[in-house]
1. Within the range 82-95, can one find any residue that is within 21 Å of L10 (Cα to Cα) and without any contact (Cβ under 8 Å) to a residue 24 or more places away in the chain?
2. Could you count how many residues in the range 34-50 are touching a helix residue (DSSP H, G or I) at 6+ places or on another chain (Cβ under 7 Å) and either within 23 Å of A84 (Cα to Cα) or free of Cβ contacts under 8 Å to residues at least 12 places away in the same chain (or both)?
3. Any chance you could count how many residues in the range 87-107 are among the acidic types (D, E) and over 25 Å from V17 (Cβ atoms)?
4. Sort through Q24, Q69, Q5 and tell me the only one that's in contact with an Asp or Glu (Cβ under 7 Å, 6 or more places away or on another chain), touching a residue at least 12 places away in the same chain (Cβ under 8 Å) and not charged (D, E, K, R).
5. Is it the case, given these coordinates, that Y82 is under 24 Å from the mean Cα position of the chain (by Cα), farther than 30 Å from E126 by Cβ and of a type in the set (F, W, Y)?
Amino acid sequence: MNPPQITLKLLVFFHFVLTVWASQNGFLGLSYVYMNLFVLSLGVWSIVHHESAEPVFMFLICHVFSILQDIILLGINEPRGYNAYEQGGRIDQTTRNEYRFSLGMSIVNLIIKPVTAFLVYRIYRERGGSYGDFTIPGVGNLPSFNIGGSPSHGPYENIDTPPTAPAPTDEEQAYNQPYNSQEKH
């Protein structure tokens, strides 16, 4: 088994465990669970189709989106959870500790996600994906960062090298030949 496949399996498993621990108390709501399990299912899809770069690309895009979504869900639900579990008068210590553990695991999951997004991007590059695949439909050529590849060829020509003329077509070659008056049509 090649190292990128093992790395991807470890990343998916690690985030699965952290998602289960973070959703143990339930203060984050079902949207946290559904979103993270959907992203992890894309990770499983990229493990199963180990030859294709497309599943890894989808996993990467949704994984990056889940970072933003986790920030939003923590910002909305953490104050509500704090009021319910930390300031609630009739909450026992076990439930309070469960809330703290779930909050800690969701924060750890959020902190580690950018690192795993970088690792998933490297796996995407190893499977043949390129930065040029990140395009927005309907938008023309966007400037791209060419990391480790050949220089990008845009609409501008390099002034250091002379321009190359395209090869003439058969019709152009016949048109450019000298006229011979002795040929009959």
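The values are calculated or read from the model by the stated rules, or taken from the named source; none is laboratory data. The shown structure was predicted, so the numbers you read here are calculated from the model rather than taken from an experiment. All Cβ positions, glycine included, derive from the backbone under ideal geometry; neighbour counts span all protein chains shown.
1. Checked the range 82-95: no residue is within 21 Å of L10 (Cα to Cα) and without any contact (Cβ under 8 Å) to a residue 24 or more places away in the chain.
2. The number of residues fulfilling the criteria is 1.
3. 1
4. Q24
5. Judged against the criteria, Y82 is not a match.
Yes/no matrix, rows are residues, columns are (1) modelled with pLDDT under 90; (2) out of contact with any Phe, Trp or Tyr (no Cβ under 6 Å at 6 or more places or on another chain):
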position	(1), (2)
S46	no, no
E51	yes, yes
Q69	no, yes
I72	no, yes
L103	no, yes
